[in-house]
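Engineer: Sharing a structure with you now.
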Amino acid sequence: MPLRVRRLMIASALSITALTAGATAVAVAAAGSPSAKEDDQPPAVEDYGYPGAAAILKEKGITLHKGDGHILLTKCDDVDKQITVLTRHNKEGQYCFRVTGSTGYLTLEIPETFAIQAEEHPVRATLTANGKTETLDVDRHRLEGVGEGLVSSPTILIELRVGS
């Protein structure tokens, strides 16, 4: 093989090696440094806030704070309703919740609650009136009156729990 061809082949091989090493270094540097957009993103932290709570407050007049996603507000004509809260707070006189698991919780505020009905799951309801908090257990397929009697003040339902 002539010397000139050999030098050309060696020079070409060195050029290809240098280009490959340079491209690898650029790719590693790009992968290792997050872009400014990625730096601006907050970390994903679940706060268990109820999705669409502001719209529900505006539309339905109740506050749904947070829960584990297993007790959900639903239409009261749905067959799968599990918990019915009777109230003087809205025109319909009730709010209904669907239970999607064997356990669940939801913190909320439903003013003027006077009864709670449980269907498939027993429910533990926490209520408050005049600065005092009370917990009531409602067995499945039962309707329990709460608050608002002849001498009672209007009661606010503040939590629903299903399961242990």
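Engineer: Give me the extension gain from Gln94 to Arg142: residue separation times 0.36 nm, minus the current Cα-Cα distance, reported in nm with one decimal. Could the numbers behind the result be given before it?
Structural biologist: On the way: separation 48, 0.36 × 48 = 17.28 nm, distance 1.57 nm.
Length difference between fully extended and current span is 15.7 nm.
Engineer: Between Thr133 and Thr103, 0.36 nm times their residue separation minus their Cα-Cα distance comes to what? Present the calculation step by step, with values, prior to reporting the outcome.
Structural biologist: Values: separation 30, 0.36 × 30 = 10.80 nm, distance 2.22 nm.
Additional length available on full extension: 8.6 nm.
Engineer: Using a/c under 1.5 as the rounded threshold, could you call segment 53-162 rounded, prolate or oblate? The axes a ≥ b ≥ c are square roots of the C-alpha gyration tensor eigenvalues, and prolate needs a/b larger than b/c, oblate otherwise.
Structural biologist: Details: a/c = 1.43, a/b = 1.19, b/c = 1.20.
Verdict is rounded for segment 53-162.
Coordinate-derived values only; no laboratory data. None of these values were measured; they are calculated from a predicted model.
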